[in-house]
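Participant: First the structure, then my questions, so here it is.
Only the coordinates and a few stated rules stand behind these numbers; no lab work does. As the structure is a prediction and not an experimental result, all values here were calculated from the model. Cβ coordinates were reconstructed from backbone atoms using ideal geometry, including for glycine residues, and neighbour counts include every protein chain displayed.
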Amino acid sequence: MNWHHPPPPPVAASGLETKFARFGPDLRAGEDELIEGYASVFSAPDAAGDTVQPGAYRAALERMSREGRRVKMLWQHDPAQPIGVWDSVTEDSRGLLVRGRLLPEVQRGAECLALVRAGAIDGLSIGYRTLRAEADGAGRRLWELDLWEVSLVTFPLAPQARLSVSPPPGETTEDLLAALTEALRADEA
């Protein structure tokens with residue numbers, strides 16, 4: 001297919017656009033179910049040709065703070081599957097830095113934690129609405145976004161970041177996988 005304009009950005013069932021980023025060397029899962037990393041990197045084109053500009057999230061984050069709301073942590077953009085909480089969502093000079101906790105008390109949260117630690121899940125994706133953008137060659141420059149959620153995903157769109165995970169001290173990846181397998185078997189019984 002020959003596009004005269006860039007293909008439209010992915011749109012979730014909720015009507016929100018989504019933008020994916022791989023976990024980077026700065027995103028890791030540590031002790032106590034903590035994860036952190038960049039959900040969006042500024043000025044780096046994604047596979048759709050879009051680039052998020054510095055400051056694109058500022059107004060949305062300020063508005064959410066005033067209203068006492070938080071960016072949601074979801075599994076694969078599914079609003080029926082919250083898996084944790086983002087304790088901190090901030091812009092810095094590099095991009096949108098997120099820090100949060102996976103909730104092992106939630107079955108999907110425990111599964112996600114094991115998958116992240118094992119390296120099977122290595123992507124983040126944002127769910128947003130575009131408020132201000134301009135066409136730019138093969139894509140768009142995104143100047144203002146209304147951020148709704150940041151999901152852990154299998155297939156991210158923006159390749160700028162990679163996952164770096166190390167298990168908690170004293171535990172190996174094999175230990176974590178064995179514990180997850182045992183927990184899942186207990187749930188089935």
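Participant: Given R₀ = 30 Å, FRET efficiency for Trp143-Val106 by Cβ-Cβ distance, to 0.05? If you can, show how the numbers build up before the last one.
Facilitator: Values: r = 35 Å, r/R0 = 1.18.
Calculated value: 0.25.
Participant: Okay, next question. What residues qualify as long-range amide H neighbours of Trp148, i.e. H under 5 Å apart, gap of 5 or more or another chain, H built at 1.01 Å from N?
Facilitator: Sorted by chain and number, the residues that satisfy this are Gly127, Tyr128, Arg129.
Participant: Treat each spin label as a single point 7 Å out from the Cα along the C-beta direction, and report the Phe155 to Arg66 distance in nm.
Facilitator: Reported label-point gap for Phe155 and Arg66 is 4.0 nm.
Participant: What is the Cα convex hull volume of segment 86-145 when expressed per residue in Å³?
Facilitator: Working: hull volume 8.1 nm³, N = 60.
Per-residue hull volume (Cα only) is 134 Å³.
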